[in-house]
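Coordinate-derived values only; no laboratory data. Predicted model, so just to flag it, every value in this text is computed and none were measured. Note: ideal-geometry Cβ built from the backbone for every residue, glycine included; neighbour counts use all protein chains shown.
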Amino acid sequence: MNNLKVSTSQNVEITYKLASIGDRILATIIDTIVIIGYLIFLALIAAFIAKVAGDSIDQIPSSDALDFLGILVIFLIMIPVLFYNLLCEVFMNGQSFGKKAVKIKVVKVDRSEPSFGNYFARWILRMIDSFPYYGIGMCCIIFSKNSQRLGDMAAGTVVIKLNQEITTADTVFQEFKDDHEVKFENALRLTDRDVEVIKSIMKQANTNDDMELMDDLAVKIKEVLNVEETQLTSRQFLYQVLKDYNYLSVVNE
C-alpha cells in the first residue's frame, strides 16, 4: 500500500496511508448496490402506481399529465444516479456510502478539504476513468505515484484510509485542571491546525512506537517556540504544550 507524505508548517513529515485499489473497488461495488437498491425502490413504487391506475381505469389522467409524470419519473431516476458520486462527496465530506463503509475518504494532496470544484473535476472525469469497465481508472491508480485516477490528478486529490483520521479525542482541545500551571507561554504561536497536526503525529508515533518521530517533532516545536532544553521527555513536553495552548486560548478569549 502506498503512503502519502505531507510536510507541515513546522517542516515535519506526516504519513497517511492511501486507499488500496481493493478498497476503492469494494467501495464502488457498495455504491453500485446502493444505486441498484434505489432503482428497485423506484420500480416498486412505479408498479404500485400502475396497479392503482389499473384499478381506477376511469380516472386515467390526461395525455399532458402523463407526459409530465413521465418526465418527472425520468428526472427522479436519472439525477440521483448521474450525480450520485458528486452529491455524496460534496454533502458527505469526501465520502460516498461505499467509501464510508470501507473507511476511505477523498482529500486534497496537501491533506486539506477539497472544494466543490475539486469534487466536480473528479466527477466529470469519472466517465473517462470508468471506460472500459473502469480499466483506465484502475491502470492510473496502479501506476501513479499517489494511487490517483485521472479525476484525482486533475482535481489534485487522493483517497486515503481513515484509520489515522483525527477523532474527537484528537482535536485541538486538551483537558487541563483549573489550577493549571503554564510552562510555555509561547504556545499561542501555534495555530489550531498546527495543534491538530501535532496530535495526529503523536498518535501515529504512539501507535507505531516510533520515539524517533516523537523526538523529531519535539525538536521542531521547541525551535518554533524558542524553548531551551527541558527536563521533560519529548512526549511530556508535547502534552504540556498542548495543555498550555488550550489553557491560554481559553484565558485569552
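The table below gives the values:
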read-out	value
Proxy reagent accessibility, fewest Cβ within 10 Å first, across T230, T28	T230, T28
Given K17/K220; K51/K100; K99/K222; K105/K183; K161/K222, the pairs whose alpha carbons are separated by over 29 Å	K51/K100; K99/K222; K105/K183; K161/K222
Rounded, prolate or oblate (a/c below 1.5 giving rounded, otherwise prolate when a/b exceeds b/c) for the range 198-253 by Cα gyration tensor	oblate
Local net charge near V34, Cβ-Cβ under 13 Å (Lys/Arg +1, Asp/Glu -1)	+1
Burial ordering of S112, S147, fewest other beta-carbon atoms within 10 Å first	S112, S147
